[in-house]
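Comments concern the structure below.
The values are calculated or read from the model by the stated rules, or taken from the named source; none is laboratory data. Everything quoted here is computed from the prediction, not taken from an experiment. Using ideal geometry, Cβ is built from the backbone for each residue, glycine included, and neighbour counts are taken over all protein chains shown. Keep in mind that these areas ignore ligands, DNA and RNA; they rest on the heavy atoms of the full protein, side chains included. Shrake-Rupley method; radii C 1.70, N 1.55, O 1.52, S 1.80 Å.
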Amino acid sequence: MKAETILKLEQKRQQARIGGGVERTATQHKKGKLTARERLEVLVDPDSFEEFDMFVEHRGTNFGMEKNITSGDGCVTGHGTINGRLVYVYSQDFTVFGGSLSETNAKKICKIMDMALRTGAPVIGINDSGGARIQEGVDSLSGYGDIFLRNVKASGVIPQISLIMGPCAGGAVYSPALTDFTIMTRGTSYMFVTGPDVVKTVTHEEVTQEELGGASVHTTKSGVADLAFDNEIETLLQTRRLFNFLPNNNKIGVPWRPTNDPADRVETSLNDLVPADTNKPYDIKELLTRIVDEYDFFEIQPEYASNVVIGFGRMEGRSVGFVANQPLSKAGCLDIDASRKAARFVRFCDAFNIPIVTVVDVPGFLPGIDQEHNGIIKHGAKLIAAYAEATVPKITLIVRKAYGGAYIVMSSKHLRGDINYAWPNAEIAVMGPKGAVEIIFRGDKDLAAREAEYKEKIANPFVAASRGYLDDVIRPQNTRFRICRALTLLSDKKDDTPWKKHDNLPL
Ligand code: HXC
């Protein structure tokens, strides 16, 4: 090969790497943002990234576009590894037409999505874009349509993660919304269907971009984003951490990581975790942290609907999904947001063969006009449906209250729970003892005695255990060991659901 031919190739590559140029890159840095390529360097293992379509150019001719061509057209696509496991990635380059989506760079994204589906590997998209490329009109819109279609086809087949590291506006937000996890960077990213200007015109509301769709809004109020971090490096590193818990596809089984943490580690501190006073709160995350391998629990949506905790941990090296009521928030009641949050997580775990451990301390569904009028019936039903349809190993531990409908919902035996345990102080009943005696013994002079009698007869785990609805009542200190053993027992579990095109989830 002639040296000048190789030189020409390297020059073309170098040109493509410059993107929108030095000035725009400096502006990007000034905002506290990395460039598209710098982000990939942090996200994937060193030297593992191989770029595709570096020489793709747009085909626009309107508004002088034919004179404004950048090699790669504002989106870096390819594949790499995260801790040695294959991942496909795309990273929008804000320095080229504001990272806007063109007909051609949409094709690049679709190409790696198709390859990811064919090879059974996850896709991570880094979004930093002014949306549809305005100069292209419908050609750009069609690109979004093609991406949405692939997001839907890939859902439940390969994990999809969206990182929001800049603007994400208009219909563009619907691709992240169709993926499994959306992660934002605080202060520099925002998502909305229509921006502040349109909002002002239509509804006369004045709002900033941050107030309308910043990380704080989406991780606390809307629940659109699962996680947010203070800067881009942290966002990318935590994405690697999340990735480590996920399988590559829906056929391969969960990843396994060697651990020195013994499965039979006795955790005596758990014996005193639940206060004797049943109305006193405590932090359920203490329990989760103490039973997982190396105390490493990765919480998803920590600031949204905090009355239910969801997240990943490992037991004997294998990924497990955890769902737990949180007595510290709304006494651990299930409400609309908590039901939706937990249901989506259960369905994710089920789709990707990740066993589910459910830790129950729930006084019931949250009462109130607001909840009823906003459809708690339909939203609560989502969680019932999610647990009932899940065929992955399901282990349930009732640590204190399991009242009413919420008892049934939280992975009870009745919804195909495989192994159901309770701690000895658990109370399983239609409602709390006080409320119960006030109804059935209305007018009785000695309600306290009635309450004690009710507790003795009903609000304990042994009635449920006597019916076989609990498989055992276990000592708190042995919780890790019992769950690890149950997971091993269920590792080859097979369960069927009648053939159907798909279910009709109460959306
Ligand atoms: C083409 C775009 C662009 C776009 C930005 N640019 N958005 N070019 N199409 N959609 C270009 C700018 O012209 C500018 O070019 C460069 O990117 C940087 O933009 P600035 O405005 O200078 O940056 P900044 O001040 O940081 O503002 C970023 C921004 C703003 C908030 C994203 O550019 C903006 O509001 N853009 C339009 C957003 C929008 O309404 N998009 C359409 C949404 S609807 P130069 O050459 O000066 O560097 C949509 C439909 C999708 O996306 C439907 C899917 C179904």
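Near Ile126, once Lys and Arg are set to +1 and Asp and Glu to -1 for all other residues with Cβ below 10 Å from its Cβ, the sum equals -2. Scan the chain and report its longest stretch carrying no chymotrypsin sites (Phe, Trp or Tyr not before Pro) that are both in a DSSP loop and have at most 15 other Cβ atoms within 10 Å. The longest such stretch corresponds to 56-498.
Partner lysines whose Cα lies under 16 Å from the Cα of Lys382, excluding those fewer than 8 positions away in the same chain, are identified as Lys341. The listed residues Lys2, Lys67, Lys285, Lys500 rank as Lys67, Lys2, Lys500, Lys285 when sorted by accessible area, largest first, using a 1.4 Å probe.
Rolling a 1.4 Å probe over the heavy atoms of the protein chains gives segment 397-506 an accessible area of 56 Å² per residue. Using a cut-off of 18 Å between Cα atoms, the listed pairs Lys221/Lys378; Lys401/Lys457; Lys221/Lys280 include Lys221/Lys378; Lys221/Lys280 as exceeding that distance.
Could you work out Rg/(2.2 N^0.38 Å) for segment 237-291, with Rg from alpha carbons only? All intermediate terms of the calculation are to be shown ahead of the outcome.
Working: Rg = 16.5 Å, N = 55, 2.2 N^0.38 = 10.1 Å.
The reported ratio for this selection is 1.64.
Subtracting the Cα-Cα distance of Asp492 and Lys200 from their residue separation scaled by 0.36 nm leaves 99.5 nm. Per-residue packing, averaged as other Cβ atoms within 10 Å, sorts the ranges 155-161, 205-211 into the order 155-161, 205-211, beginning with the highest.
Can you list the lysines whose alpha carbon sits under 19 Å from that of Lys493, skipping same-chain ones fewer than 8 residues off? By straight Cα distance, Lys493 reaches Lys251, Lys394, Lys413.
Shape analysis of the chain based on the Cα gyration tensor places the equivalent ellipsoid semi-axes at 48, 25, 19 Å, largest first. The calculated 222 nm mean residue ellipticity attributable to helices in the chain amounts to -11000 deg cm²/dmol, summing -39500 (n - 2.57) over DSSP H runs of n ≥ 4 and dividing by all residues. If you look at the Cα atoms of segment 261-328, you get an Rg and a Dmax of 12.6, 36 Å. Surface exposure of segment 120-172, expressed per residue as accessible area with a 1.4 Å probe, stands at 30 Å².
Extension gain, Leu505 to Thr5: 0.36 nm times the residue separation minus the Cα-Cα distance gives 174.2 nm. Each Cα pair under 8 Å and six or more residues apart adds its separation to the average, and for the chain the resulting relative contact order is 9 percent.
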